[in-house]
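Visitor: The structure is given below, and queries will be raised subsequently.
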Amino acid sequence: MQPSKPDPSPLPAAPTPPSPAGYAVTMMRPHLREVPAAAFPTGYGIRNLQPDEGPLWLAIERDAEEEFRQRFADNAFEREFGTDLDAVPQRCFVVVDGSGAGVGTISAWYYTYRQQEYGLIHWVAVRRAYQGLGLGRAMVSFALGQLARWHDRALLNTANRRLPAIALYLNFGFAPVLDAPEARDRWREVAARLDHPALREFT
């Protein structure tokens, strides 16, 4: 399935003042070849999210961290995906435990940036009780594999104080996007807190 309604708007600018997670930053993977493989831990798997499972998606996002619980309105799912609900079963996923309960979510969405089409790693969240189990690595590996079905490159947005997430994305071949005037300063803040070979130019 090819994306039917690419969003022509630019990626979000860094917010002022920042959220508790910091300023928005963008990362890019220039190709979708040789995606690192990562299996889900024993007892966990992933399935497609259905368009009527917005309440489940919202519950996972809100549970992931305090900021999400305060930020997400009841209509957040419809706001994020309502322009293309037909794509949800192919591009949105829920991680389940052995009982089938949803414990995480990730989307392999799409975006048009600088007049080029990208796959978008979107709304990655794991319930707090299940963080630290290796689910995030498996989720990103799976979602990149899905994006490779439709796209040649990938983007994502995160915040510059989400250091574990940034380290994970760097390990998967994402690199900072420096288009915004303030981007280099934001990444210098990351490099001051996160020792990673991919960030040496910012130290």
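The values are calculated or read from the model by the stated rules, or taken from the named source; none is laboratory data. Worth saying up front: this structure is predicted, and the values here are computed from it rather than measured. Here Cβ is always computed from backbone atoms with ideal geometry, including for glycine, and neighbour counts include all displayed protein chains. Surface areas here come from the heavy atoms of the whole protein model, side chains and all, with no ligands, DNA or RNA. Shrake-Rupley method; radii C 1.70, N 1.55, O 1.52, S 1.80 Å.
Visitor: All but one of (1) assigned to a helix (DSSP H, G or I); (2) under 23 Å from Ala167 (Cβ atoms); (3) modelled with pLDDT of 95 or more hold for Glu67; state the number of the condition that does not hold.
Guide: All conditions pass for Glu67, except number (3).
Visitor: Now for a different question. Looking at the range 180-203, can you tell me whether even one residue there is within 29 Å of Val88 (Cβ to Cβ), in contact with a Ser or Thr (Cβ under 8 Å, 6 or more places away or on another chain) and either open to solvent by 50 Å² or more (accessible area, probe 1.4 Å) or acidic (Asp, Glu) (or both)?
Guide: Start the filter on the range 180-203 by keeping residues that are within 29 Å of Val88 (Cβ to Cβ), which leaves none.
No, because not a single residue in the range 180-203 is within 29 Å of Val88 (Cβ to Cβ), in contact with a Ser or Thr (Cβ under 8 Å, 6 or more places away or on another chain) and either open to solvent by 50 Å² or more (accessible area, probe 1.4 Å) or acidic (Asp, Glu) (or both).
Visitor: A further question on this structure: Where residues in the range 1-50 are of a type in the set (Gly, Ala, Ser), surrounded by fewer than 11 Cβ atoms within 10 Å (Cβ to Cβ) and at pLDDT 95 or above, which of them is farthest from Asp97 (Cα to Cα)? Show your work before the answer.
Guide: First pass over the range 1-50, keeping only residues of a type in the set (Gly, Ala, Ser): 4, 9, 13-14, 19, 21-22, 24, 37-39, 43, 45.
Applying the additional criterion that residues be surrounded by fewer than 11 Cβ atoms within 10 Å (Cβ to Cβ) yields 4, 9, 37, 43.
With at pLDDT 95 or above added as a condition, the list becomes 37, 43.
Numbers: Ala37: 20, Gly43: 6 Å.
Ranking the candidates gives Ala37 first.
Visitor: Report yes if Trp109 is assigned to a strand (DSSP E or B), on the phi > 0 side of the Ramachandran plot and open to solvent by 10 Å² or more (accessible area, probe 1.4 Å), otherwise no. Spell out the reasoning first.
Guide: Details: assigned to a strand (DSSP E or B): yes; on the phi > 0 side of the Ramachandran plot: no; open to solvent by 10 Å² or more (accessible area, probe 1.4 Å): yes.
No; evaluated as a whole, the condition is false for this residue.
Visitor: Continuing with this model, one more query. Could you say which residue among Gln131, Gln146, Gln116 is surrounded by fewer than 17 Cβ atoms within 10 Å (Cβ to Cβ), farther than 16 Å from Ala64 by Cβ and over 13 Å from the mean Cα position of the chain (by Cα)? Lay out the reasoning, then the answer.
Guide: On the way: Gln131 fails: farther than 16 Å from Ala64 by Cβ; Gln146 fails: surrounded by fewer than 17 Cβ atoms within 10 Å (Cβ to Cβ).
Result: Gln116 is the single residue among Gln131, Gln146, Gln116 that is surrounded by fewer than 17 Cβ atoms within 10 Å (Cβ to Cβ), farther than 16 Å from Ala64 by Cβ and over 13 Å from the mean Cα position of the chain (by Cα).
Visitor: Let me ask something else about it. Which ones in the range 79-106 are basic (Lys, Arg) and either part of a loop (DSSP other than H, G, I, E, B) or crowded, with 22+ Cβ neighbours inside 10 Å (or both)? Lay out the reasoning, then the answer.
Guide: As a first pass, look at the range 79-106 and keep what is basic (Lys, Arg): 79, 91.
The one that is basic (Lys, Arg) and either part of a loop (DSSP other than H, G, I, E, B) or crowded, with 22+ Cβ neighbours inside 10 Å (or both): Arg91.
Visitor: Can you tell which of Val177, Val126 is farther than 17 Å from Glu65 by Cβ, open to solvent by less than 40 Å² (accessible area, probe 1.4 Å) and either modelled with pLDDT under 95 or among the β-branched types (Val, Ile, Thr) (or both)? Before you say what the answer is, go through the steps one by one.
Guide: Working: Val126 fails: farther than 17 Å from Glu65 by Cβ.
Of Val177, Val126, the one residue that is farther than 17 Å from Glu65 by Cβ, open to solvent by less than 40 Å² (accessible area, probe 1.4 Å) and either modelled with pLDDT under 95 or among the β-branched types (Val, Ile, Thr) (or both) is Val177.
Visitor: I need a count of the residues in the range 23-62 that are in a helix (DSSP H, G or I), touching a helix residue (DSSP H, G or I) at 6+ places or on another chain (Cβ under 7 Å) and within 15 Å of Gly136 (Cα to Cα). Can you show your working first?
Guide: First pass over the range 23-62, keeping only residues in a helix (DSSP H, G or I): 54-62.
Subsequent filtering for residues that are touching a helix residue (DSSP H, G or I) at 6+ places or on another chain (Cβ under 7 Å) retains 54, 57-58, 61-62.
From what is left, the residues that are within 15 Å of Gly136 (Cα to Cα) are 61.
Counting residues in the range 23-62 that are in a helix (DSSP H, G or I), touching a helix residue (DSSP H, G or I) at 6+ places or on another chain (Cβ under 7 Å) and within 15 Å of Gly136 (Cα to Cα) gives 1.
Visitor: Only residues that are at pLDDT below 95 and charged (D, E, K, R): list them for the range 129-161, please.
Guide: Residue satisfying the conditions is Arg161 alone.
Visitor: I've got another one for you. Report whether or not His151 is farther than 17 Å from Ile60 by Cα and either touching a Ser or Thr at 6+ places or on another chain (Cβ under 8 Å) or open to solvent by less than 50 Å² (accessible area, probe 1.4 Å) (or both). Before the answer, list the steps.
Guide: Numbers: farther than 17 Å from Ile60 by Cα: yes; either touching a Ser or Thr at 6+ places or on another chain (Cβ under 8 Å) or open to solvent by less than 50 Å² (accessible area, probe 1.4 Å) (or both): yes.
Against the criterion (farther than 17 Å from Ile60 by Cα and either touching a Ser or Thr at 6+ places or on another chain (Cβ under 8 Å) or open to solvent by less than 50 Å² (accessible area, probe 1.4 Å) (or both)), His151 qualifies.
Visitor: Consider the range 144-179. How many of its residues are closer than 19 Å to Ala198 by Cα, touching a residue at least 12 places away in the same chain (Cβ under 8 Å) and part of a loop (DSSP other than H, G, I, E, B)?
Guide: The total comes to 9.
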